[in-house]
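Written out below as structure tokens is the structure these notes cover.
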Amino acid sequence: MDRSRWGRGVQEGELAAAVGAPGNAPGNAPGRSSASPVPRPPRWASRYRFHAALLDVGCALLAGTAAMAARFGEVTPYVAPYVVMSALLPLLWVCSVGINRAYEPRLIGVGSEEFRRIAQSGFTLIAAVAIAAYVTKTDVARGYVVLALPALTGLTLCARYVLRRRLHRRWARGGCMRRVVAVGHRAAITDLTRRFRRERYHGMEIVAACVPYDAFGEVEGVPVLGDFTDVPLVVEQAEADTVAVLACPELDGTALRRLAWRLERSRTDLVVAPALMEVAGPRTTIRPVAGLPLLHVEHPELAGIRQLIKNVFDRVVAGTALVVLSPLLVTLAVAVRVTSPGPALFRQTRVGKDGVEFTILKFRTMWQDAEARKVDLISDAGGVLFKIRQDPRVTPMGSWLRRRSLDELPQLINVVKGHMSLVGPRPPLPEEVARYRDDVRRRLVVRPGMTGLWQVNGRSDLSWEESVRLDLRYVESWSLMLDLQILWKTWSAVIRGAGAY
């Protein structure tokens, strides 16, 4: 290798062997020439797009047929134009989805953005039909349009959701992963590698790393195969399709631009993690000023009309849930009383918004002498949390309740009273708060929640540091839409029972 060009990278044969890239078995030719472009996404991504297009066509045919049957009932000469329209609907729908770029490979598996573009495609098609009918003065049966196009959008959203869940299951098994080369300092690459391994539903696997200065060895089991000047060569030999650049001073705007130029020929995706990684997208906007793309970061809205809407939403939903679930709550209370001595409800002091203490309500899951026996136990968790996977103080009924998170249902009363929210950080104990560092106290600026990012990302299996990171991320990026997404994902987390003990 020309070391003046590539720096301290390893030779091509060693590089391919270290990465274990597919297609580089003994006897095969080494990787592609650095001058040869890769004009298509990974094979699994192409299949996903093909299946998405087939589903879109099927949804369009189903929506058109159903709307025609519901509106007209039978085929008559008057219905003939709508038969043609129903036959053309798949083509129109695929074009609309394509125009709104909902088939882009970078959207694969990214639910919110993919769903938003599908909805936008539906609005686009409805507007196009309305404008075309007005311009050509065509009398279109409004009942057909009102039935067909909204139904088409809804069916497509459902089909994409099913397709996305199928892809997530494959990601969880380690299949269909994007092969990523991580570029940055070792500490940042270590953090990113751990996140990707823990949260495999992102569909990314780091197969190689490029670090400055000491370009050798491994990072969290990932081979370091070069420095910052070796990135295109490492991508080629690792057969990677994505480069993730982490925040580091060596890679400034000029260096990133040059790296993008070098990756352009191979169509390699380039993603950049800014220094403000924990500040979520809704609070960041790019505003061009004097020709410079400046990243504007808005302050989180911790008061005002949006918080009022969240408060009203929480109390209405919690109050409704209490009424609907009242038979279940009574049944569980009786079961707790019958299966072990003591009260049905467990009351404990927790710390809420702005450090104000309140009494949290839960179904009792432990024996009455649980607090006295705590001194003889050793926590399995690090940090300030006290967690034991096989806690001998938990009753058989309590173990069943915890596994299904049913012990937390009485917290709906705390939500109605305004002590808690449906979604928020985990409600801490006073002794935990006493050990908080200044940055961790940021969790206390919002109401604690019955569920949150910690609930849908592992619950008790999370480390203390990871739990804090998720809670702080929620505080910095909360929105009513994020709350709805977390509530939706909570059902899946509760059914799986992972991390509940």
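The values are calculated or read from the model by the stated rules, or taken from the named source; none is laboratory data. Every value quoted in this text rests on a predicted model; they were computed, and no experiment measured them. Reconstructed Cβ throughout: ideal geometry from the backbone, glycine too, with neighbour counts over all protein chains shown. Only protein heavy atoms, including side chains, enter the accessible area calculation; ligands, DNA and RNA are left aside. Shrake-Rupley method; radii C 1.70, N 1.55, O 1.52, S 1.80 Å.
Tabulated values for the structure
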| quantity | calculated |
| --- | --- |
| Within the stretch 69-126, considering residues that are aromatic (Phe, Trp, Tyr) and more than 27 Å from ARG164 (Cα to Cα), the one most open to solvent (accessible area, probe 1.4 Å) | TYR78 |
| Residue list for the stretch 228-264, restricted to those being open to solvent by 20 Å² or more (accessible area, probe 1.4 Å) and in contact with a strand residue (DSSP E or B) (Cβ under 7 Å, 6 or more places away or on another chain) | PHE228, GLU239, ASP241, LEU251, LEU256, ALA260 |
| Of all residues making up the stretch 429-474, the number that are in a helix (DSSP H, G or I), in contact with a Leu (Cβ under 8 Å, 6 or more places away or on another chain) and closer than 22 Å to TRP491 by Cα | 5 |
| Residue tally, condition more than 19 Å from VAL207 (Cα to Cα), without any contact (Cβ under 8 Å) to a residue 60 or more places away in the chain and touching a Pro at 6+ places or on another chain (Cβ under 8 Å), over the stretch 260-274 | 1 |
| Tally, over the stretch 227-267, of residues that are farther than 23 Å from PHE196 by Cα, modelled with pLDDT of 85 or more and not in a helix (DSSP H, G or I) | 0 |
| When residues of the stretch 457-480 are limited to those that are under 13 Å from the mean Cα position of the chain (by Cα) and at pLDDT 80 or above, the one surrounded by the fewest Cβ atoms within 10 Å (Cβ to Cβ) | ARG473 |
| Pairs, first part of a helix (DSSP H, G or I) in the stretch 398-412, second small (Gly, Ala, Ser), C-beta under 6 Å, six or more apart | ARG402/ALA500; ARG403/GLY497; ARG403/ALA500; LEU412/ALA318; LEU412/ALA321 |
| THR153 being part of a helix (DSSP H, G or I), among the hydroxyl-bearing types (Ser, Thr, Tyr) and open to solvent by 10 Å² or more (accessible area, probe 1.4 Å) | yes |
| Single match in ALA172, ALA188 (criterion: open to solvent by less than 60 Å² (accessible area, probe 1.4 Å) and either among the small types (Gly, Ala, Ser) or at positive phi (or both)) | ALA188 |
| Members of the stretch 204-259 that are among the acidic types (Asp, Glu) and free of Cβ contacts under 8 Å to residues at least 40 places away in the same chain | GLU205, ASP214, GLU218, GLU220, GLU250, ASP252 |
| Hey, ARG117 touching a residue at least 12 places away in the same chain (Cβ under 8 Å), touching a helix residue (DSSP H, G or I) at 6+ places or on another chain (Cβ under 8 Å), of a type in the set (D, E, K, R) and closer than 18 Å to CYS158 by Cα or not | yes |
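Residue-by-condition table, conditions (1) closer than 30 Å to THR331 by Cβ; (2) buried (at least 17 other Cβ atoms within 10 Å of the Cβ); (3) among the acidic types (Asp, Glu); (4) modelled with pLDDT under 85:
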residue	(1), (2), (3), (4)
LYS362	yes, yes, no, no
LEU385	no, yes, no, yes
ARG403	yes, no, no, yes
VAL415	yes, yes, no, no
PRO425	no, yes, no, no
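Every residue, every condition in (1) basic (Lys, Arg); (2) modelled with pLDDT under 80, yes or no:
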{"residue": "ARG283", "(1), (2)": "yes, yes"}
{"residue": "ILE286", "(1), (2)": "no, yes"}
{"residue": "PRO293", "(1), (2)": "no, yes"}
{"residue": "GLN307", "(1), (2)": "no, no"}
